[in-house]
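For reference, the structure is listed below as structure tokens.
The values are calculated or read from the model by the stated rules, or taken from the named source; none is laboratory data. Keep in mind that what you see is a predicted model, and the values were worked out from it rather than measured. Cβ placement follows ideal geometry from the backbone for every residue including glycine, while neighbour counts extend to all protein chains displayed. Surface accessibility is based on the protein's heavy atoms, side chains included, excluding ligands, DNA and RNA. Shrake-Rupley method; radii C 1.70, N 1.55, O 1.52, S 1.80 Å.
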Amino acid sequence: MDDLRKRNVLESVIAAKSTLHGSRPLGETWTVFDRIRVVEKALADAGIAEVAADGWWMRECVGDIEAAIIATGFDEKPAHADGLASNIMIAPDGAVQLVDFDEARNVDPFYDIGILLNEAFQFDDEMQPALEIFEGQFRQTSLNRCRLYAIADDLFWGMWGILMDRVSPRGGIEFLKYAQWRLLRCRMALRNPRFEFMLRTL
């Protein structure tokens with residue numbers, strides 16, 4: 001994650017993702033909201049009624065995000081669709097390669113960039129240069145879209161972590177700890193006073 005904060009590395013990563021966005025469509029298309037519905041059913045099948053005491057509230061808020069994004073429209077482009085810094089290889093000379101394409105699908109490019117920025121940065125002013133690289137200029141509406149996608153992504157992975165903690169045979173992996181972190185970050189973002197503003201300015 002420290003490497004992603006270096007301008008030359010960030011430029012190379014965004015260039016690699018942008019190149020993929022301009023390639024031929026992949027075989028599958030989904031949104032993060034589709035994935036939430038899938039894991040929601042899996043949780044119910046596993047007998048897990050709720051992922052947290054306020055899980056229903058987070059799910060309703062993310063439903064509002066989906067409605068806002070659908071209302072404004074979005075593109076579907078082939079994408080890496082993986083925000084983890086560990087799935088980016090950086091050579092000694094600074095060359096960058098994306099790895100681990102199990103999440104790759106046709107998605108909104110702003111989802112692809114939004115989850116990357118959510119991994120690397122905490123504050124808006126840190127994300128602005130990345131969006132300037134991606135679009136050639138900074139647009140507040142793009143930042144808002146990236147932020148909202150990141151909230152939904154945190155909810156999905158939080159739900160997934162809770163499910164894996166219950167059903168996975170890999171008992172040595174801290175699924176619950178991971179889930180709690182992602183749900184905490186989702187919760188904090190939803191409680192941010194700017195959340196409603198972001199919904200209205202896509």
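Please find, within segment 32-43, the residue that is farthest from ARG147 (Cα to Cα) out of those that are open to solvent by less than 30 Å² (accessible area, probe 1.4 Å) and either aliphatic (A, V, I, L, M) or in a loop (DSSP other than H, G, I, E, B) (or both). Working first, answer last.
Kept after step one, since they are open to solvent by less than 30 Å² (accessible area, probe 1.4 Å), are these residues of segment 32-43: 32-33, 36, 39, 43.
Narrowing further to those that are either aliphatic (A, V, I, L, M) or in a loop (DSSP other than H, G, I, E, B) (or both): 32, 36, 39, 43.
Working: VAL32: 13, ILE36: 17, VAL39: 21, LEU43: 26 Å.
Once the filter is applied, the top-ranked residue is LEU43.
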Just one of the numbered conditions (1) open to solvent by 20 Å² or more (accessible area, probe 1.4 Å); (2) free of Cβ contacts under 8 Å to residues at least 24 places away in the same chain; (3) in contact with a helix residue (DSSP H, G or I) (Cβ under 6 Å, 6 or more places away or on another chain) is not true of GLN137; which one? (3)
Across segment 140-153, what is the number of residues that are open to solvent by 10 Å² or more (accessible area, probe 1.4 Å) and without any contact (Cβ under 8 Å) to a residue 40 or more places away in the chain? 0
Between residues in segment 12-34 that are within 18 Å of LEU117 (Cβ to Cβ) and residues that are of a type in the set (Val, Ile, Thr) and surrounded by 15 or more Cβ atoms within 10 Å (Cβ to Cβ), which pairs lie under 6 Å by C-beta distance while being six or more apart or on different chains? SER12/VAL96; VAL13/ILE88; VAL13/VAL96; ILE14/ILE133; ALA16/VAL96
Count, please, the residues in segment 76-98 that happen to be without any contact (Cβ under 8 Å) to a residue 60 or more places away in the chain, out of contact with any Asp or Glu (no Cβ under 6 Å at 6 or more places or on another chain) and surrounded by 11 or more Cβ atoms within 10 Å (Cβ to Cβ). 5
Residue pairs, Cβ under 7 Å, 6 or more apart or interchain, first in segment 188-202 and over 10 Å from ALA68 (Cβ atoms), second among the aliphatic types (A, V, I, L, M) and open to solvent by 80 Å² or more (accessible area, probe 1.4 Å). List them. none
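May I ask you to say which residue of LEU143, LEU184, LEU148, LEU131 is touching an Asp or Glu at 6+ places or on another chain (Cβ under 7 Å) and not in a loop (DSSP other than H, G, I, E, B)? Give the derivation first.
Values: LEU184 fails: touching an Asp or Glu at 6+ places or on another chain (Cβ under 7 Å); LEU148 fails: touching an Asp or Glu at 6+ places or on another chain (Cβ under 7 Å); LEU131 fails: touching an Asp or Glu at 6+ places or on another chain (Cβ under 7 Å).
Unique residue meeting the criteria: LEU143.
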Would you pick out the residues in segment 100-134 that are of a type outside the set (A, V, I, L, M, F, W, C), open to solvent by less than 40 Å² (accessible area, probe 1.4 Å) and within 26 Å of VAL51 (Cα to Cα)? GLU103, TYR111, ASP112, GLY114, ASN118
